[in-house]
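So the structure is just underneath, and the comments pick up after that.
The values are calculated or read from the model by the stated rules, or taken from the named source; none is laboratory data. Every value quoted in this text rests on a predicted model; they were computed, and no experiment measured them. Backbone-built Cβ (ideal geometry, glycine too); neighbour counts: all protein chains shown. Heads up: the accessible areas ignore ligands, DNA and RNA and are worked out on the full protein's heavy atoms, side chains in. Shrake-Rupley method; radii C 1.70, N 1.55, O 1.52, S 1.80 Å.
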Amino acid sequence: MSLWVFTAQPRVRALSRLQIVQKHLMSTNANLEKEVHLVKSGCAGIITLNRPKALNALNLSMIRQIYPKLKEWEQDNETSLVIIKGAGEKAFCAGGDIRAVTEAGKVGDRLAEDFFREEYILNNAIGNCQIPYVALIDGVTMGGGVGLSVHGHFRVATEKTLFAMPETGIGLFPDVGGGFFLPRLQGKLGLYLALTGFRIKGRDVHQAGIATHFVMSEKIPDLERDLVSLKSPSKEDVADLLNSYHFKCKSDDKFVLAEHMDKINRLFKTNSVEEILQNLKRDASPFALQHLETLKKMSPTSMKITFQQLEEGATKNLSEVLVMEYRLSQACMKGHDFYEGVRAVLIDKDQSPKWKPATLEEVTEEYLKSCFKPLGNKELKL
């Protein structure tokens, strides 16, 4: 759910944190309408995330508008597909509204439960949408933005697309169904992306298997116009139109990680995070040593959670993964590293988080098991 572009704010006293959360939720109807636009055009329902100054970061009020409209369009005989896009020139969606969730978690406010619960319910609805769902990921697409796009039928990347799941760097894990789609990428690419937070750009997002199509950004308005002009299109009709745009943009460019895939598959194929670090150290190539240093900066707890999340997610369906990830989200809300990671990376920006525990060896199996345990009557129900 990461949002990595953040406007620094003065630290607030503990007593005022709850007021910030409440203010966040008490937006006027006018403001809600500005945050996300939901309109019908031709055969399509169009969702426009409209917080360009915040890189279209997803908040709870936006989720609560999008979900019922998506379900409504699904049942509407006059709506044949859904298109989701971001306003502005920079981002599709850079992640979740991390400031509000952080402040809520610190004071035990239920936003820390509700945000993840309702976000994951929306992710599941997208993954099970009964009509074609097209995400135009023309810009920054991270964390929560990945959840709004990757589970749909079609994801259209452009040269402006910047994809990453950087959560291990802020004491979280690659949620929003990351446990489902990441282990299904080629070889060990998903685990590599999940642990390192490596950023993929442009055509590489398609070549990695994250996007289904690639189109130049300047062609997106034409593509959208042609999509809404289709007459009662089937999924195959939508695919044919997207393919026609995609094939006009074909290129012989190699995948940015192509020369490293054999190494990634070998070094990251292990039974533990500790073994990955040992493999990288033993390999000692510039590529391996660079990523060894990267992993040393990440939260040990987050890396161990992420490793097990992807292992278990490889054999689960999307709904099962989201139930698992909700358990993990609530474990992180009760822990230390999420708040410390947000402080170090996004608030104080000293880039020097003090993780607790500080080493992989100190993260016990007993603690990991507790993170994955069912939540009883607070379990996510899909």
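Remarks
- Accessible carbon and sulfur surface of the chain relative to its total accessible area, %, 1.4 Å: 50
- Rounded if a/c under 1.5, otherwise prolate or oblate - the range 151-246, Cα gyration tensor axes: prolate
- Of all DSSP beta bridges confined to the chain, the antiparallel ones make up roughly 30%.
- Gaussian network model of the chain, Cα within-10 Å springs - most flexible of Ser329, Ser299, Ser370: Ser370
- Normalised convex hull volume, the range 73-116, alpha-carbon set, Å³ per residue: 105
- Multiplying the residue separation of Leu375 and Ser229 by 0.36 nm and removing their Cα-Cα distance gives an extension gain of 47.9 nm.
- When the square roots of the Cα gyration tensor eigenvalues are ordered a ≥ b ≥ c, the ratio a/c for the range 35-166 is 1.5 or more and a/b does not exceed b/c, which makes its shape oblate.
- For the range 120-279, share of DSSP beta bridges that run antiparallel, in % to the nearest 5: 20
- Potential lengthening between Ser285 and Lys53 on full extension [0.36 nm per residue; Cα-Cα distance subtracted]: 79.5 nm
- Among Ala284, Ala164, Ala239, the largest mean-square fluctuation in a Gaussian network model of the chain, built with springs joining Cα atoms closer than 10 Å, belongs to Ala284.
- Rounded if a/c under 1.5, otherwise prolate or oblate - the range 94-171, Cα gyration tensor axes: oblate
- In plain terms, the C-alpha convex hull of the chain casts an average shadow of 18.5 nm² when viewed from every direction.
- Paramagnetic reach from Thr315 (point 7 Å along Cα→Cβ, amide N under 18 Å) across the range 246-279: 270-272
- In this calculation the C-beta distance from Lys201 to Lys354 is compared with R0 = 45 Å, giving a FRET efficiency of 0.90.
- Sequentially through the range 358-371, phi angles give Karplus couplings (6.51, -1.76, 1.60; θ = phi - 60°) of 8, 10, 4, 4, 7, 7, 7, 5, 4, 5, 4, 4, 5, 5 Hz, Gly and Pro residues having no value and appearing as x.
- Surface accessible to a 1.4 Å probe, per residue, for the residues of the chain, Å²: 44
- Calculated [222 nm] ellipticity per residue, helices only, for the chain: -14000 deg cm²/dmol; basis is -39500 (n - 2.57) per DSSP H run with n ≥ 4, divided by all residues, nearest 500.
- Computed over the range 268-382, the alpha-carbon pair-distance distribution with 5 angstrom bins reads 2, 11, 18, 19, 19, 16, 10, 4, 1, 0, each value a whole percent.
- Potential lengthening of the chain between Ile121 and Met261 amounts to 47.0 nm, from the contour at 0.36 nm per residue minus the alpha-carbon distance.
- Within the shell defined by Cβ-Cβ distances under 9 Å, the residues around Val176 carry a net charge of -3, with Lys and Arg each +1 and Asp and Glu each -1.
- Spin-label pair Lys34-Thr294: with each label point 7 Å from Cα along the Cα-Cβ axis, the two points sit 3.8 nm from one another.
- Cα-projected label distance for Leu368 with Glu74, points at 7 Å along beta-carbon direction, nm: 3.5
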